[in-house]
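Accompanying notes for the structure given below.
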Amino acid sequence: MKKVFLTGNEAIARGAYEYGVTFASAYPGTPSTEILENIAKYSEIYSEWAPNEKVALEAAAGASMAGARAIVSMKHVGLNVAADPLFTLAYTGVNGGLVIVSADDPGMHSSQNEQDNRNFAPFAKIPMLEPSDSQEAKDLVGEALKISEMFDTPVLFRTTTRISHSRGVVQIGERQQADIKPYEKNPEKFSMIPGFARKRRLILKERLKALEEYSEKFPYNRVEWGKSYEVGIITSGISYQYVKEVFGDEVSVLKLTMTFPLPKKLIAGFVSRVKEVYVVEELDPYLENQIRAMGFKVRGKELIPEIGELSAEIIREALKGEKVTPAFKQYTSVPPRPPVLCPGCPHRGVFYVLKKMKAVVTSDIGCYSLGVLPPLESIDSILCMGASISMGHGFKKAFEINGKDATVITVIGDSTFLHSGITSLMDAVYNRSNTINIIVDNSITAMTGHQHHPGTGYNIKAEPAPAVSIEAICRAIGVENVSVVDSYDLKAVKDAVKKALEYKEGPSVIITRRACALLKGKGPKGLYTISEEKCRRCRMCLRLGCPAIQVRGDVIFINPINCVGCAVCVQVCPFGAIEKAGDE
Amino acid sequence: MMTVKSIFISGVGGQGNILAGKVITTALVNQGYDVKMSEVHGMAQRGGSVITQIRYGERVYSPLIEKGGADVLLAFEKLEAVRYIEYLSPEGTLIVNDLELPPASVLTGKAEYPPDIIERLKSEVKNTIVVDAVNIARECGEVRAQNMVLVGVLARVMDWSKQSFMEVIKEVVPVRFAQINIDAFNRGWELHG
């Protein structure tokens, strides 16, 4: 067997390959994105980007019912979007094995909230597996598919950022061919009208009972007896690694991998043999609450934080009372280095215009969320994918009810618009909203690393695909005032907004279009410089927050290494001090 | 049993830190170690602070390095050295690229880039190696090869097999840049014997 060094995401993709998956779908979202990107490299698996997670899961459900082994992956908040089909899939069950990966983000490295998706398993009544490193991530895809087919259920496969984006040594094997299972029409199983669903509800209960028995014997749920029986620790996922890091074999550990349904007898046996039991888990007291409900006395969240990512240090301090005092201290003032809109980012000029509008701006999830930070600071709200347009509609209606005449502008990206913005826009049209909706179209899913979507004209393998026309969609759902402008042309953006302000017959849509500056061959070309003679140090150009425009002492200059030549700054300078300095 | 060794790499998005991590870990995996590595992804793709943590030994559990636990802090930029200096162990070695990349708050004049970083680091950390990786890489023919200069220094400090790195660089780096990167690695290797 060959040993390779894989991230958890790459290992899951490898698992999909080795265990005979033939259908895969996803919508990109950190930290889950690379699962499908790596699956797409295998020609044996049909793979596709879906416009959103609900669609991805529904497509995978169809493939599974047809008899194929299928996998669908998403970030934690993506499972909220897919929750609707998920809960009923628990009733219908599957045909070919169906694995649903939820990649959670404790610590919110790149997410709008922190949620513990282990809670979805008992809520949706489906079994759940949690890998604790890359090797397990690969192996457990096979176990999940087996469980899915054996018990006729979708399986939740829950990772966290530190599993998804950490690398470990993985033994890989050959692909096992899983033949497509025969499909037989069976509406009582697959068509959930109330009469059929009530019967399936009982089957669901029986299935969970059987799964609990399986969990007792599942070899990945295991006790590692330590040197002492004084302390026992129950843990799962990445927390298992931190526990072993801190304690090695000093204490006894119950490592849980199938964390729904839980193996009650195994837990009871472990608890009865050790003197004191701790539950070490990241985020919610998920295991702790269930184990307490079994009637056992354990300690958990009274010692281990329920907010943010865990680490060996936190566990060491909480359970051993050993506080780490680093030899070297960080300086008191280290300027932060947060992410910024890239040089040449087409969104920058749009936010510059919006800042001057004195409007309420509801935004969405994507690179353009950074427009909330200084110096652009033009955003009032960011909630979830697709919410900008509907929230703007709500703002506008509430203002109108109260006799207030305020301008409401919504901002949404192209990928996000196709994900879940269309239905929001329909609502605005249908209910006669007077909002201005700006679709900042950089023609890619940029923030997660340039994934294609139904509007780009390419599929996941970068093969040509039919491209959805965003402007045609807007018109088709009834938006009459639709305009398309160049994001780099500040006057055109401004004029389009002004024109939209005059239009009172319903929502307006302005599509500001320019390819992401980082897209190979599509970004702008050229180089600009600030004439020291003409510059009056008014600092207007600094309000753009472009990383290429820098200050040293009294001098403002453009760093030629960063400038890509978008020329937005040229339009902002009142003294014509910014000049072209080259073509590359 | 060999104790686990930890390498903490800090830098700025776009400097080639992830590739450096890939070269180091591939070499370590090829030498038969258990290796774990943790990278930061997502919003910090461009211009943000980027860290890579590598741990290797006979059996590695946590992919994360604890504060005061890094045998080496390899900083691709000065400010990113002080930002993560807490992670360096008291006996650890600091390898720092003598390069200043001001973050957005400094560029717009809202914050000050701390002066005399190198002097302060040298006075605090006994084992400090300052590398002018940008100029060395430029001499090798490509400023972007600064990451390989720094990997070369690290490999010498850790006493790793030079030959294994030659093979890995050829394997990981695109063919037309392989020689430049090998040169850059060698220049780093020779810097501190």
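The values are calculated or read from the model by the stated rules, or taken from the named source; none is laboratory data. Only a predicted model underlies this, so the values are computations on that prediction, with no experimental measurement involved. FYI the Cβ positions are ideal-geometry reconstructions off the backbone, even for glycines, and counts take in every protein chain you see. We work out accessible area using only protein heavy atoms, side chains counted, and drop any ligands, DNA or RNA first. Shrake-Rupley method; radii C 1.70, N 1.55, O 1.52, S 1.80 Å.
Looking only at residues in region A:398-410 that are more than 26 Å from A:G366 (Cβ to Cβ), of a type outside the set (D, E, K, R) and assigned to a loop (DSSP other than H, G, I, E, B), the one that is most open to solvent (accessible area, probe 1.4 Å) is A:N402.
Whether any residue in region B:163-174 is open to solvent by 60 Å² or more (accessible area, probe 1.4 Å) and in contact (Cβ under 8 Å) with a residue 24 or more places away in the chain is what I want to check. Yes: region B:163-174 contains one or more residues that are open to solvent by 60 Å² or more (accessible area, probe 1.4 Å) and in contact (Cβ under 8 Å) with a residue 24 or more places away in the chain. With the structure loaded, tell me whether A:V468 is β-branched (V, I, T), open to solvent by less than 40 Å² (accessible area, probe 1.4 Å) and modelled with pLDDT of 95 or more or whether it fails that test. Taking the combined requirement at face value, the residue does not satisfy it.
Kindly evaluate A:G565 against the criterion of being on the phi > 0 side of the Ramachandran plot, outside the structural domain of A:S433 (by TED's automatic domain parsing) and open to solvent by 20 Å² or more (accessible area, probe 1.4 Å). Steps first, please.
Numbers: on the phi > 0 side of the Ramachandran plot: yes; outside the structural domain of A:S433 (by TED's automatic domain parsing): yes; open to solvent by 20 Å² or more (accessible area, probe 1.4 Å): no.
So A:G565 does not fit the description; no.
Quick check: is even one residue across region A:362-371 of a type outside the set (G, A, S) and away from chain B (no Cβ under 13 Å)? Scanning region A:362-371, I find at least one residue that is of a type outside the set (G, A, S) and away from chain B (no Cβ under 13 Å), so the answer is yes. The criterion of at least 3 residues that are within 9 Å of chain A (Cβ to nearest Cβ) and either hydrophobic (A, V, I, L, M, F, W, C) or open to solvent by less than 10 Å² (accessible area, probe 1.4 Å) (or both) is met by the following strands (runs of 3 or more DSSP E) wholly inside region B:61-148: B:88-97. Among the conditions (1) away from chain B (no Cβ under 13 Å); (2) open to solvent by less than 50 Å² (accessible area, probe 1.4 Å); (3) within 23 Å of A:N119 (Cα to Cα), the only one that A:V280 does not satisfy is (1).
Within region A:437-453, how many residues turn out to be in contact with a strand residue (DSSP E or B) (Cβ under 8 Å, 6 or more places away or on another chain) and open to solvent by less than 40 Å² (accessible area, probe 1.4 Å)?
Of region A:437-453, the ones in contact with a strand residue (DSSP E or B) (Cβ under 8 Å, 6 or more places away or on another chain) are A:437-446, A:451-453.
Now drop any that are not open to solvent by less than 40 Å² (accessible area, probe 1.4 Å), which leaves A:437-442, A:444-446, A:451, A:453.
The number of residues fulfilling the criteria is 11.
Among the residues of region A:486-521, write down those that are of a type in the set (A, V, I, L, M), out of contact with any Gly (no Cβ under 9 Å at 6 or more places or on another chain) and modelled with pLDDT of 95 or more.
Within region A:486-521, A:A492, A:A496, A:V497, A:A500, A:L501, A:V509, A:I510, A:I511 meet the criteria.
In the condition set (1) more than 28 Å from A:L57 (Cβ to Cβ); (2) open to solvent by 40 Å² or more (accessible area, probe 1.4 Å); (3) touching a Ser or Thr at 6+ places or on another chain (Cβ under 7 Å), A:D427 is compliant with all but (1). If you go through region A:138-158 and pick out every residue that is acidic (D, E) and either open to solvent by less than 10 Å² (accessible area, probe 1.4 Å) or touching a Phe, Trp or Tyr at 6+ places or on another chain (Cβ under 9 Å) (or both), you end up with 2.
Name the residue that is modelled with the lowest pLDDT, counting only residues in region A:328-348 that are under 21 Å from A:G526 (Cβ atoms) and within 7 Å of chain B (Cβ to nearest Cβ). Don't jump to the end; show me each part of the working.
Applying the first criterion (under 21 Å from A:G526 (Cβ atoms)) to region A:328-348 yields A:340-348.
Restricting the remaining residues to those that are within 7 Å of chain B (Cβ to nearest Cβ) gives A:340, A:342.
Details: A:V340: 85, A:C342: 90.
The selected residue is A:V340.
Among strands (runs of 3 or more DSSP E) entirely within region A:31-113, having at least 2 residues that are open to solvent by less than 10 Å² (accessible area, probe 1.4 Å) singles out A:70-75, A:98-104.
I'd like the residue in region A:207-250 that is among the aromatic types (F, W, Y) and surrounded by 24 or more Cβ atoms within 10 Å (Cβ to Cβ) and, out of all such residues, is nearest to A:F157 (Cα to Cα). Result: A:Y240.
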